[in-house]
Amino acid sequence: MADTEFGPEFAPAGLGKRQEARLPSAYGVRVVWVDMTGACSGRLKDVSSTGARIRVEGGCKPRGDIYLLALLPGAAEPRRIAGKLRWQVGDTLGVRFEPSIDLGLVYALAGLDGPPAN
């Protein structure tokens with residue numbers, strides 16, 4: 001597997017339609033419709049600065065623009081991350097972050113303190 005900015009053990013960019021490397025994650029999030037008409041719980045499967053895959057619970061069927069709410073360690077309030085639902089297959093969502101998130105937040109959502117040591 002190709003080496004990436006995250007290290008060789010992570011999903012590389014350039015596979016299929018993937019444009020950026022993703023970090024594996026199991027971080028708990030809340031998926032909220034931007035019009036506030038619905039919400040559901042989920043867990044990240046992987047995350048990058050441009051998007052994430054999320055496994056949701058309870059037959060969640062979000063549409064269009066959404067927010068992810070993630071309570072990061074040491075934070076008093078959940079972090080709100082804006083995104084667009086790109087696809088859904090069963091209980092797995094593909095979300096594109098708009099705007100992209102910084103690498104520090106990507107590492108936090110992957111449960112890492114920072115980039116892996118080489």
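Brief remarks follow.
- For segment 88-117, the candidate set comprises residues that are among the small types (Gly, Ala, Ser) and closer than 27 Å to ASP35 by Cβ; within that set, the residue that is surrounded by the most Cβ atoms within 10 Å (Cβ to Cβ) is GLY94.
- Restricting VAL47, VAL56 to residues that are over 12 Å from SER25 (Cβ atoms) and aliphatic (A, V, I, L, M) narrows the list to VAL56.
- Test: residue in segment 47-63 that is among the polar types (S, T, N, Q), free of Cβ contacts under 8 Å to residues at least 60 places away in the same chain and open to solvent by 40 Å² or more (accessible area, probe 1.4 Å): no
- Filter result (open to solvent by 40 Å² or more (accessible area, probe 1.4 Å) and of a type in the set (D, E, K, R)) within segment 25-46: ARG30, ASP35, ARG43, LYS45
- Unmet requirement for GLU9, which otherwise passes all of (1) at pLDDT 95 or above; (2) open to solvent by 30 Å² or more (accessible area, probe 1.4 Å): (1)
- Residue within segment 12-27 that is farther than 20 Å from TRP87 by Cβ, modelled with pLDDT under 90 and assigned to a loop (DSSP other than H, G, I, E, B) present: yes
- Taking segment 66-87 as the range and being at pLDDT below 95 and open to solvent by less than 70 Å² (accessible area, probe 1.4 Å) as the test, the residues that pass are LEU72, ALA75.
- Among the residues of segment 28-52, those identified as part of a loop (DSSP other than H, G, I, E, B) and either under 11 Å from ALA110 (Cα atoms) or within 11 Å of the chain's Cα centre (by Cα) (or both) are SER48, SER49, THR50.
The values are calculated or read from the model by the stated rules, or taken from the named source; none is laboratory data. In this text, all values refer to a predicted model and were calculated from it rather than measured experimentally. For neighbour counting, all protein chains shown are included, and Cβ atoms are generated from backbone atoms with ideal geometry for every residue, glycine included. The protein model used for the area step is the full one, side chains on, heavy atoms only, and it has no ligands, DNA or RNA in it. Shrake-Rupley method; radii C 1.70, N 1.55, O 1.52, S 1.80 Å.
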